[in-house]
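Structure, as structure tokens:
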Amino acid sequence: MNNERKIAIRRLLAFALDWFVIALWGGLLFGVVMLATGGGPAPPENPWTAQALGFLTMTLPVTVYFALCESSSMRASLGKRLLGLVVSRESGERLSFASALLRNAGKFVPWELGHTVALQAALSGDAAFPMWVWGPLAVAFAGPLRWLVTVVATGRTPYDRWASARVTSQA
């Protein structure tokens, strides 16, 4: 197995480990909301209120967490660090925060679009499922599938290319 494939497999495993961090954050938010509301939070007024709340409390903090970790001297999220991977510029230097933020925003766009689809479906009430939601639905499914194929085939994802970043084994 070539080195790119080995790194691709380690990247996928690292992201699976990073989901534990995301789940811990989500669990903490859930606990705080339940404590603050006595176990009965008010439902959101509409799908867009829920979308904004979800973005501000989950997607944005998770994206910033990854960007901070990858632009720090650690150069890796906790999952990547555990599997001996680092993120750097193509030239090998540490990634700037702006590049790391671009990289991770690109990574989490399908996740956010998945939230959009789920919230529109769950909170549209008696109204029909809005037709425009099919666009975000396609990106929410196709984006990660494309990234999975490209990381296994080339060792790099589109968002790595956008940010001029590489994920390599720790030196």
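The values are calculated or read from the model by the stated rules, or taken from the named source; none is laboratory data. Because the structure is predicted, anything quoted here is derived from the model rather than measured. Positions of Cβ are generated from backbone atoms using ideal geometry, with glycine treated the same way; all protein chains shown enter the neighbour counts.
So which residues in segment 123-160 are among the small types (G, A, S), in contact with a helix residue (DSSP H, G or I) (Cβ under 8 Å, 6 or more places away or on another chain) and either modelled with pLDDT under 85 or more than 30 Å from N46 (Cβ to Cβ) (or both)?
S124, G155
Restrict the check to segment 139-154 and report whether at least one residue is at positive phi and touching a residue at least 24 places away in the same chain (Cβ under 8 Å). Spell out the reasoning first.
The initial filter retains those residues of segment 139-154 that are at positive phi, namely none.
Checked against the condition, which is being at positive phi and touching a residue at least 24 places away in the same chain (Cβ under 8 Å), segment 139-154 yields no hits at all.
So R103 fits all but one of (1) part of a helix (DSSP H, G or I); (2) in contact with a Cys (Cβ under 7 Å, 6 or more places away or on another chain); what number is the exception?
Checking R103 against (1) part of a helix (DSSP H, G or I); (2) in contact with a Cys (Cβ under 7 Å, 6 or more places away or on another chain), the one that fails is (2).
Any idea which of (1) modelled with pLDDT under 90; (2) outside any helix (DSSP H, G or I); (3) not aromatic (F, W, Y) is the one V117 doesn't satisfy?
It fails just one condition, (2).
Name the one entry in E90, E70 that is among the charged types (D, E, K, R) and modelled with pLDDT of 95 or more.
E70 is the lone residue from the list that is among the charged types (D, E, K, R) and modelled with pLDDT of 95 or more.
Tally up the residues in segment 20-48 that are surrounded by 11 or more Cβ atoms within 10 Å (Cβ to Cβ) and at pLDDT 90 or above, please. First the steps, then the outcome.
Going through segment 20-48, the residues surrounded by 11 or more Cβ atoms within 10 Å (Cβ to Cβ) turn out to be 20-22, 25-26, 29-30, 32-34, 41, 44, 46-48.
Cutting the leftovers down to at pLDDT 90 or above gives us 20-22, 25-26, 29-30, 32-34, 41.
Number of matching residues: 11.
For S72, which of the numbered conditions (1) surrounded by 13 or more Cβ atoms within 10 Å (Cβ to Cβ); (2) under 27 Å from R146 (Cα atoms) fails to hold?
(2)
Are there any pairs, at least 6 apart or on different chains, whose C-beta atoms fall under 6 Å, with the first in segment 34-46 and within 19 Å of A122 (Cβ to Cβ) and without any contact (Cβ under 8 Å) to a residue 40 or more places away in the chain and the second of a type outside the set (G, A, S) and not in a loop (DSSP other than H, G, I, E, B), and if so, which?
That search, which allows pairs on different chains as well, returns P41/V33.
For the structure I just gave you, tell me whether E90 is under 13 Å from the mean Cα position of the chain (by Cα), acidic (D, E) and on the phi < 0 side of the Ramachandran plot.
No; evaluated as a whole, the condition is false for this residue.
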